[in-house]
Amino acid sequence: METFKIKGEHIQLNQLIKAMGWVANGAEANSVIENRLVKVNGIVELRKRNKIMQGFKVEFNDQTVVIE
């Protein structure tokens with residue numbers, strides 16, 4: 001499990017996936033979200049611009065990150 005520190009109040013889900021290096025670009029981030037491959041706090045998330053805040057847990061492809 002990794003951690004990711006955000007600078008403001010939140011980061012958009014698709015931006016987080018790209019920042020973690022889990023995908024190559026924003027289009028790929030949007031695609032994996034649309035294909036129900038991403039979970040936020042244990043629930044499949046379909047909102048690409050969902051606001052991910054401190055304490056949230058995001059999972060994709062057997063990888064997990066907790067937001068600090």
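Each value in this text was obtained by applying a stated rule to the coordinates, not by laboratory testing. All figures in this text were calculated on a predicted structure; none of them were measured in a lab. Neighbour counts run over all protein chains shown; Cβ positions are idealised from the backbone, glycine included.
A few notes on this one:
- Net charge, Ile33 excluded, C-beta distance under 15 Å - Lys, Arg +1, Asp, Glu -1: +3
- Normalised contact order of the chain, rounded percent, pairs of Cα under 8 Å and 6 or more residues apart: 41 percent
- Projected label distance in nm at Lys7 and Asn61, using a 7 Å step from Cα toward the beta-carbon: 2.5 nm
- The calculated Kirkwood hydrodynamic radius for the chain is 11.5 Å, given to one decimal from all distinct C-alpha pairs.
- Summing charges over neighbours of Leu46, with a neighbour being any other residue whose Cβ is under 12 Å away from its Cβ, gives +3 when K and R count +1 and D and E count -1.
- Per-residue HN-Hα couplings for the range 26-37 [Karplus 6.51, -1.76, 1.60; θ = phi - 60°; Hz; x = Gly/Pro]: x, 5, 5, 4, 4, 5, 5, 5, 4, 8, 6, 9
- Net charge over other residues, Cβ less than 15 angstrom from the Cβ of Met1 (K, R count +1; D, E count -1): -1
- Modelled this way, with points 7 Å down the Cα-to-C-beta line, the labels at Lys39 and Met20 are 1.2 nm from one another.
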